Amino acid sequence: MNQSARCLRWAADFLRNTRSKGLRHACRYARVRLIDRLCERRLGICTEGTVSTSELGFTDPACAMYAPIGYEQLRSALSLVTIRQGEDVLLDYGAGKGRVVIVAGTYPFRKVIGIELSESLLAIARDNLKRASNKLLCRDIQLVHANALHYRVPDDVTILFFYNSFAGHVLQSAMEEIHRSLIRMPRRLQIICCNPSRFDEQARTRLWIEKTRAGVLFHDMGVAVYECRTDRLSPTESAPKDILLESAV
Ligand SMILES: C[S@@+](CC[C@H](N)C(=O)[O-])C[C@H]1O[C@@H](n2cnc3c(N)ncnc32)[C@H](O)[C@@H]1O
C-alpha cells in the first residue's frame, strides 16, 4: 500500500473509531498503528493488515484469521516472562506473516519457532525473516508449515505464545499435545496468552496449568501467563494419539 492510500485509510479508521468508541479510544488506536508502522520500518518488514479466513481458504471454523498483535502489546506480553539467555525456546502458535517470530528473534532466545497453517502467509513470513535477519539476536529461527491440530510440540520448547490463533477442538488438541510433550520431557514451560478468555476456559479444567499473571495490554485486550505444573501431570489426561510429523498439515 502506498503512502497516500495508507494515510486515507488511517483517517477513515480514525473517524470510524471516533464515532463508534469515542475520541480517546480513536487516539489510542492511532498511536498503536503509528508505533506499528515505525517498528515495521525499523525491521524492514511488512506484517501489517488483516487476512480473512475465507481469503486464507480455511474451512474449519476453529481456525482464526490473520491479524497481527501490536508491537507495543507484543513487547509488553514478552516482558511478563524472564527469558533465560541462550536457553529458552519460544513457539508462536499461528505465526502469520512472522511478526511475533521476528520480534522474539530480537531477544536472546536459543531458538524461535513459528507454526502456520496458511502457506501463503508462511511465504510472506519467510521473506520478512530474510529482510530482518541482520537485526536479530537469535540465530535459530524456524518457520514451519503445520496445523496446530496435529503439530507435535518439540520437547525443548519452554515458552508458548498464543494470540487469537484458533479455538474449539484445535485449541483442545494443542493443549493435549502440550501435556504430552511435558510427559515426554518434564521441564519449565510457560504459556503467554493474549486475549486469554478461550484459553482460560480450557485451562480451568486442567490442573497442570496454573495462571500466574494477568493484565491488560490495550483497551479490552487482556494477557495471561500460565505455568505448567509438572508435579500435576496425569498420564491419562491426554491419551496418546497418532501425531503427524511437524511438516504434515
Ligand atoms: C491472529 S493471527 C496471529 C498472528 C501472529 N501470531 C501475530 O500476532 O502476528 C492467527 C494466526 O493463526 C493462524 N492459524 C489459524 N489456525 C491455525 C492452525 N490450526 N494451525 C496453525 N496456524 C493457524 C492464522 O493463519 C493466523 O496467521
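Which ³J(HN,Hα) values, rounded to whole Hz and listed in residue order, are derived for the stretch 165-182 from phi using the Karplus coefficients 6.51, -1.76 and 1.60 in 6.51 cos²θ - 1.76 cosθ + 1.60 with θ = phi - 60°, glycine and proline given as x?
Per residue, the Karplus-derived 3J(HN,Hα) values read 7, 6, 9, x, 5, 5, 5, 4, 5, 4, 5, 5, 5, 4, 4, 4, 4, 5 Hz.
By its C-alpha gyration tensor, with a ≥ b ≥ c as the square roots of the eigenvalues, how is the chain shaped: rounded for a/c under 1.5, else prolate for a/b larger than b/c, else oblate? Could you put the intermediate results ahead of the total?
Numbers: a/c = 1.66, a/b = 1.52, b/c = 1.09.
The shape class here is prolate.
Below 13 angstrom from the Cβ of GLY49, what's the summed charge of the other residues (Lys, Arg +1; Asp, Glu -1)? Kindly include the intermediate steps, with their values, before the conclusion.
Values: positive: ARG6, ARG9, ARG33, ARG37, LYS97, ARG99; negative: ASP13, ASP36, GLU40, GLU48, GLU55.
Around GLY49, the surrounding residues sum to +1.
Using each residue's phi in the stretch 196-201, evaluate 6.51 cos²θ - 1.76 cosθ + 1.60 at θ = phi - 60° and report the 3J(HN,Hα) Karplus result to the nearest Hz, with x for Gly and Pro.
Running phi through 6.51 cos²θ - 1.76 cosθ + 1.60 with θ = phi - 60° gives x, 4, 5, 5, 4, 4 Hz.
Report the local net charge at TYR66: Lys and Arg +1, Asp and Glu -1, summed over other residues whose C-beta lies under 11 Å from its C-beta. Display every interim value, and only then the final one.
On the way: positive: LYS97, ARG99; negative: GLU48, GLU55, GLU116.
So the surrounding residues net to -1.
List every residue whose amide H lies under 5 Å from the amide H of ILE209, counting only residues 5 or more places away in sequence or on a different chain, with H placed 1.01 Å from N in the peptide plane.
The answer is ARG229.
Under a 5 Å amide H to amide H cut-off, with H placed in plane at 1.01 Å, what residues pair with PHE166 once short-range neighbours are removed?
Correct list: ALA64.
State the answer as a single residue: which of SER120, LEU207, PHE58 lies farthest towards the positive end of the charge dipole of the chain, with beta carbon charges of +1 for Lys and Arg and -1 for Asp and Glu, about the Cα centre.
SER120
Once R0 is set to 22 Å, what does the formula 1/(1 + (r/R0)^6) return for the Cβ-Cβ distance between GLN142 and ARG188, expressed as a FRET efficiency to the nearest 0.05?
Numbers: r = 21 Å, r/R0 = 0.95.
Calculated transfer efficiency: 0.60.
What are the aspartates and glutamates whose alpha-carbon lies under 15 Å from the alpha-carbon of LYS21, with same-chain residues fewer than 8 places away excluded?
ASP13, ASP220
Which of the lysines could a cross-linker bridge to LYS211, judged by Cα under 29 Å and excluding same-chain residues fewer than eight apart?
Reachable lysines: LYS97, LYS111, LYS241.
By its C-alpha gyration tensor, with a ≥ b ≥ c as the square roots of the eigenvalues, how is the stretch 70-139 shaped: rounded for a/c under 1.5, else prolate for a/b larger than b/c, else oblate?
Values: a/c = 1.71, a/b = 1.46, b/c = 1.17.
Judged from the Cα gyration tensor, the stretch 70-139 comes out prolate (a/c at least 1.5, a/b above b/c).
Add -39500 (n - 2.57) for each DSSP H run of 4 or more in the chain, then divide by its residues: what number comes out at 222 nm, to the nearest 500 deg cm²/dmol?
-12000 deg cm²/dmol
Please give me the summed charge of the neighbours of VAL170: other residues whose Cβ is under 12 Å from its Cβ, Lys and Arg +1, Asp and Glu -1.
Every neighbour counted, the sum reads -2.
Does the stretch 1-59 classify as rounded, prolate or oblate by the C-alpha gyration tensor (a ≥ b ≥ c root eigenvalues; a/c under 1.5 gives rounded; else a/b over b/c gives prolate, otherwise oblate)? Write out the running numbers ahead of the final one.
Details: a/c = 1.91, a/b = 1.21, b/c = 1.58.
In terms of gyration-tensor shape, oblate.
Can you run phi through the Karplus equation (6.51, -1.76, 1.60; θ = phi - 60°) for the stretch 140-154 and list ³J(HN,Hα) in whole Hz, with x for Gly and Pro?
The phi angles translate into 10, 10, 10, 10, 10, 7, 7, 9, 4, 4, 10, 5, 8, 6, x Hz.
Where a number appears in this text, it was derived from the coordinates with a stated rule and is not lab data. It should be emphasised that the depicted structure is a prediction, and the values quoted were computed from it without experimental measurement. Every residue, glycine as well, gets a Cβ built from its backbone with ideal geometry; the counts of neighbours run over all protein chains shown.
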